[in-house]
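This report concerns only the one structure given below.
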Ligand SMILES: NC(=O)c1ccc[n+]([C@@H]2O[C@H](COP(=O)([O-])OP(=O)(O)OC[C@H]3O[C@@H](n4cnc5c(N)ncnc54)[C@H](OP(=O)(O)O)[C@@H]3O)[C@@H](O)[C@H]2O)c1
């Protein structure tokens, strides 16, 4: 496993990290979840991403139990807030940042997270209030560094322009061979300001592994067939994307890689990307995905990939 520095922070994160959206505490049973966490550590993954909203606290609670007994300094732990935990508990106000951070720490069984992220931008709270509260969280030692997810360039710039504001070190965008909208603006803006990218759904929820086929029902035991986990797939699992995957198959074969490795090596080709956050429902997937670290795609292969998905 190779490691990269996360933006201007002192965090060194594994190129492949383990996410927990829809899986831990929700669609994947605890025994399989624990096996995934063990497989992550076995393969050198040191970076785990979660959020208070995943399973309404259940993913954090699962991780609190699964990580118990491991040296706290042996992994980098990231969580987030923003989405409604109750009708009134939502957003990025000072009160919510204080309250949700404490609740996350309690569920995670730790007294600090390495990275505390704003899961989305909160248009209902003055940005200065959010930034001040994030600064307090860092000063208190409960959050070592701060980040955001899916903020627009103007929102990022507005935060950077606040004098004395705490410093963001990470951006968490959706990014994969078939989801590139943040590449032109967010990547260069962040790079200029010491903000690294930790990218989500790099396998497009499994679609880029090639296991879903045009004209065939989704295979049993996949996210697309899970009542708990399929809710966000319909927008992506369509003939257009499956045709792109079909055009990627011979390219992966030419590269001597699995499609999953091709997809992960593709996001990691960008130096702005510190880590690809991958979800998993079984430990074999974690091991396979971790082995994508360090794989390099030639310029010819990159051109072929661009043409395949154009
Ligand atoms: N900031 C945000 O707004 C946001 C949004 C979404 C996600 N995230 C973060 O990003 C993480 C990753 O998102 P994701 O789970 O959608 O990403 P993903 O890595 O693109 O998809 C993961 C899913 O693909 C399947 N899979 C993984 N490896 C495989 C392999 N080698 N072969 C075959 N199937 C494989 C598994 O599903 P099955 O086995 O069930 O098919 C797995 O749960 C999340 O856990 C979360 O931490 C953040």
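The values are calculated or read from the model by the stated rules, or taken from the named source; none is laboratory data. If you're wondering where the values come from, they're calculated on a predicted model, not measured in any experiment. We place every Cβ from the backbone using ideal geometry, glycine too, and count neighbours over all the protein chains shown.
If a residue must be in a loop (DSSP other than H, G, I, E, B) and either within 11 Å of the ligand (Cβ to nearest atom) or surrounded by fewer than 24 Cβ atoms within 10 Å (Cβ to Cβ) (or both), how many such residues does the range 12-32 contain?
The number of residues fulfilling the criteria is 8.
Which residue is farthest from residue 225 (Cα to Cα), if the candidates are limited to the range 272-290 and must be touching a helix residue (DSSP H, G or I) at 6+ places or on another chain (Cβ under 8 Å) and more than 11 Å from the ligand (Cβ to nearest atom)?
272
Sort through 83, 41 and tell me the only one that's modelled with pLDDT of 95 or more and within 15 Å of the ligand (Cβ to nearest atom).
83
Which condition number does residue 111 fail, the rest of (1) within 16 Å of the ligand (Cβ to nearest atom); (2) part of a loop (DSSP other than H, G, I, E, B) being met?
It fails just one condition, (1).
Residue 51 fails exactly one of the following numbered conditions: (1) within 15 Å of the ligand (Cβ to nearest atom); (2) in contact (Cβ under 8 Å) with a residue 60 or more places away in the chain; (3) part of a loop (DSSP other than H, G, I, E, B); (4) surrounded by fewer than 22 Cβ atoms within 10 Å (Cβ to Cβ). What is the number of that condition?
(4)
For residue 40, which of the numbered conditions (1) assigned to a helix (DSSP H, G or I); (2) touching a residue at least 12 places away in the same chain (Cβ under 8 Å); (3) farther than 19 Å from residue 199 by Cα fails to hold?
Evaluating residue 40 over (1) assigned to a helix (DSSP H, G or I); (2) touching a residue at least 12 places away in the same chain (Cβ under 8 Å); (3) farther than 19 Å from residue 199 by Cα leaves (3) as the failure.
Residue-by-condition table, conditions (1) crowded, with 18+ Cβ neighbours inside 10 Å; (2) touching a residue at least 40 places away in the same chain (Cβ under 8 Å):
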residue	(1), (2)
132	no, no
138	no, no
143	yes, yes
163	no, no
182	yes, no
203	yes, yes
216	no, no
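Limited to the range 184-209, what total is found for residues that are part of a helix (DSSP H, G or I) and more than 6 Å from the ligand (Cβ to nearest atom)?
Number satisfying all stated conditions: 9.
Quick check: is even one residue across the range 236-258 more than 8 Å from the ligand (Cβ to nearest atom), within 12 Å of residue 205 (Cα to Cα), without any contact (Cβ under 8 Å) to a residue 60 or more places away in the chain and out of contact with any strand residue (DSSP E or B) (no Cβ under 6 Å at 6 or more places or on another chain)?
Looking through the range 236-258, at least one residue is more than 8 Å from the ligand (Cβ to nearest atom), within 12 Å of residue 205 (Cα to Cα), without any contact (Cβ under 8 Å) to a residue 60 or more places away in the chain and out of contact with any strand residue (DSSP E or B) (no Cβ under 6 Å at 6 or more places or on another chain).
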